[in-house]
Structures are given as structure tokens and as C-alpha cells.
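Notes for the one structure printed next.
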Amino acid sequence: MPLSDVAHQPTAQAMVRQAIVHDRLPHAYLFHGPDGVGKQLFARNLAAALLCPGSAAGAAASDAAGREPDACGRCEACRLCRADTHPDVHVIHRRLNKYHPDSEVQRLRPIKIGVEIIRHFLINAAGRTPARGRAKVFIVLEADRISPGAQSAMLKTLEEPPPATYITLIVTRPDALLETTRSRCQLVPFVALPLDFVTARLRALRPDVDASAAAWYARQSGGSIGAALRAVDQNLKALHDALLEQWSSLAARRARLPLADWSDRAKAMSEFHKADDPDLTDTEAQRQAMRTMLWLSADVLAEAARAGAAGSKPVGAGAIPAARQIAAAIPPPVAADMITRIVRAEAQLDMNANVQLCVEALLHDLAALAAGERGAPTSLRF
């Protein structure tokens with residue numbers, strides 16, 4: 001359970017280790033960075049260090065000199081942390097509403113981490129004595145989702161927590177939180193992981209994925225192992241290849257992009273999102289699935305532009321013939337215009353546009369652009 005288990009995060013490692021060694025550990029951390037790069041694992045390993053009597057973080061100040069910042073990994077506290085059963089590690093998340101004593105709160109859809117959750121599971125719990133007498137550690141997942149009211153309620157606890165209370169907020173974007181919340185935390189940045197590391201980890205965790213596909217998933221992941229794993233579980237490489245063939249047909253003017261096929265694929269993909277997050281509505285799951293279709297289509301156009309560029313290095317050898325066919329028929333300025341339309345459609349989906357109408361309008365525009373109608377309007381406007 002050492003902090004070094006989280007690789008390729010030198011800044012986070014240095015900041016937290018130095019704070020432990022010099023006995024200057026803040027009571028509130030804000031871990032921010034892409035999903036799937038180790039923020040949650042680092043927070044859990046830090047919790048173990050704080051609760052382990054053999055570490056510099058968990059030992060009494062008079063006895064901490066010369067000890068390692070890491071948890072020992074062998075004591076009872078470490079075993080409890082590893083099993084996620086330590087009574088003094090409190091993991092806060094939006095679905096805790098189901099365990100709230102108020103039946104009205106239990107019935108709420110957990111879109112946000114509301115004030116009821118923060119008051120009961122963090123503020124009130126922070127005021128109690130640690131179960132094992134050493135410290136209390138709170139890890140707030142998806143802290144981007146804490147409502148403004150809940151953030152206001154927790155400000156005093158962040159600024160002046162009870163003794164031996166440590167809080168870590170985990171977010172993707174720190175600017176999603178109020179400035180008053182951010183200012184009371186020590187910000188620790190986490191960065192995207194190297195692609196070769198993501199590829200190697202992906203192949204270790206999903207040995208059935210071949211080397212070529214693993215490299216493709218790593219490139220699409222943005223340096224996130226979590227994103228790469230989700231993409232594998234959705235079989236996005238097969239979807240990418242199907243879209244590449246559809247775009248190739250559009251470029252050759254053999255067929256338009258098929259709305260019915262896109263709708264069917266998005267519907268099938270939405271089931272994955274609902275399984276991943278049961279609180280999603282059917283409409284929101286479909287929005288997420290269609291965003292993936294649009295993102296992959298934009299990637300196909302970018303891939304075609306790279307394949308058609310003189311002297312460009314192939315990104316995926318198997319896709320090059322189809323990508324070059326697209327590039328031959330769709331010049332870079334037109335491809336850039338198409339990508340702009342796709343990005344605009346994604347924004348419209350984020351504004352709760354009707355999914356079917358939005359995509360139908362987009363595919364009409366893309367077909368017009370492919371046919372050489374550069375002034376093709378974007379049909380759906382707000």
C-alpha cells in the first residue's frame with residue numbers, strides 16, 4: 001500500500017511525502033486531474049498511511065522521526081484499509097443517499113452530492129471520536145458533484161476540522177468547485193499517464209486485447225487507464241472501424257451516414273452506461289452514447305487528415321486504406337468544417353437538445369458538406 005503504487009505522478013508524490021516527512025500534512029487536500037490516473041488509489045493509500053501506527057504519518061509526532069511515509073502493509077489497520085473495512089475511513093459519494101436515515105433523502109435521484117449527504121456522512125461523522133482512536137479520514141469521490149449548498153455547509157469543517165480529521169476531495173476539474181471550497185484545501189495535481197504505460201497496464205489487465213488494439217485504446221484514453229478500460233469494455237475499437245467504413249462510403253458518395261444504424265448503436269451502447277450508472281435516465285444514457293459516436297467520428301476525420309498528409313506517420317496501419325480514401329475525397333478544410341459541426345452538435349446535446357433531431361440535422365449537414373456544399377447550414381439552432 002505504498003504511495004509509490006501510483007506511478008508517473010511525481011508532483012503528487014513529492015508534495016504529499018514532503019508534507020508527511022516535515023509533519024505539515026494539511027487537513028484538507030484537493031486531488032485534481034483526469035479520471036483514471038490514480039487519484040483515488042493515492043487517496044486510499046494516504047488514508048492507510050495516516051491510520052498505520054508504523055508510518056511517519058500515523059505515528060505520534062514525537063515518534064515519527066526516521067519512519068517511512070508509507071503504511072507498513074502488515075498491521076491490522078493496514079489489513080482493514082486494504083479490505084475497505086476500516087471504520088475510520090469514510091468514502092463519501094453521491095449514492096450514499098440510499099443509506100441516509102431520512103426516507104425522503106433515500107428516494108432522491110443521486111445526481112449531486114447534496115447537503116443531506118455532506119451533513120450526515122461527513123460533518124456529523126467528523127465530530128465523532130475515531131473508532132480506533134487514531135484519526136478519521138474522509139475521501140469524497142466525484143467532489144465536482146457537491147452542490148453549492150453542501151459546499152457552503154462543509155466550509156467550517158474544511159477550515160477548522162476536529163482534531164485528527166483528514167479530508168480529501170477528488171475532482172476532475174477544480175474550477176467545478178466554489179472558490180471558497182478550493183481556498184480551504186491544498187491542491188495536488190495529477191497528470192495524464194504516458195501512453196506506453198497505459199498500453200502495458202491495459203494488456204496486463206485485459207490480456208485478450210492484442211497489441212495493436214491496446215495501442216489504439218491507449219491513444220484514445222488521453223493517458224487514463226480507467227478511460228482505456230471503459231473503452232475496451234464498450235468495444236469501441238470495433239465501433240471506430242465501423243464508423244471508418246461508413247465515412248469511407250460517404251466520401252465515395254456510395255451512401256450517406258446511416259441515421260438508423262447510429263441510433264441502434266447508440267441505444268445498444270446506452271445499456272452499458274446504464275449498467276455503469278443505474279441512476280442515469282434512458283435519455284441521458286443515450287446522450288452519452290451518442291457523444292461517443294460523435295467523438296469517434298471526429299477522430300475518424302482527424303485520422304483521415306493525418307493519413308492524407310504528405311509524409312505523415314500512419315497511426316493505425318489497418319485503417320490507412322479507408323482513411324486515405326476519405327482524405328482523397330474530403331479536403332482538410334472540409335474535414336475541419338465537419339469536425340466543427342460535430343463539436344457543435346456535441347454542445348447541443350449538452351444543452352439537452354433532442355438526440356434524434358440533433359443527430360439527424362448533423363448527418364444532413366455532413367452529407368451536404370461531403371457533396372461539396374460548403375455553405376451547408378447547421379439545421380438545428382438554439
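List every residue pair whose Cβ atoms sit under 9 Å apart, with the two residues 6 or more apart in sequence or on different chains, where the first one lies in the stretch 187-203 and is outside the structural domain of ARG173 (by TED's automatic domain parsing) and at positive phi and the second, anywhere, is small (Gly, Ala, Ser) and buried (at least 16 other Cβ atoms within 10 Å of the Cβ).
Once the first residue is outside the structural domain of ARG173 (by TED's automatic domain parsing) and at positive phi and sits in the stretch 187-203, no partner that is small (Gly, Ala, Ser) and buried (at least 16 other Cβ atoms within 10 Å of the Cβ) comes close enough.
Which residue, of ALA255, ALA192, ALA268, is in a helix (DSSP H, G or I) and either surrounded by fewer than 14 Cβ atoms within 10 Å (Cβ to Cβ) or at pLDDT 90 or above (or both)?
ALA268
Can you name the residue in the stretch 126-185 that is out of contact with any helix residue (DSSP H, G or I) (no Cβ under 8 Å at 6 or more places or on another chain) and on the phi > 0 side of the Ramachandran plot and, of all such residues, is modelled with the highest pLDDT?
Residue satisfying both the conditions and the ranking: ALA164.
So GLY226 ticks every box in (1) over 26 Å from ASP261 (Cβ atoms); (2) of a type outside the set (Lys, Arg); (3) without any contact (Cβ under 8 Å) to a residue 12 or more places away in the chain; (4) in a helix (DSSP H, G or I) but one. Which box is left unticked?
Here GLY226 clears every test but (3).
In the stretch 17-39, what residues are part of a helix (DSSP H, G or I) and at pLDDT below 95?
Matches in the stretch 17-39: ARG17, GLN18, ALA19, ILE20, VAL21.
The values are calculated or read from the model by the stated rules, or taken from the named source; none is laboratory data. A quick note: this is a predicted structure, and the numbers were derived from the prediction, not measured. A quick note on method: Cβ atoms are made from the backbone with ideal geometry, for glycine too, and the neighbour counts reach across all protein chains shown.
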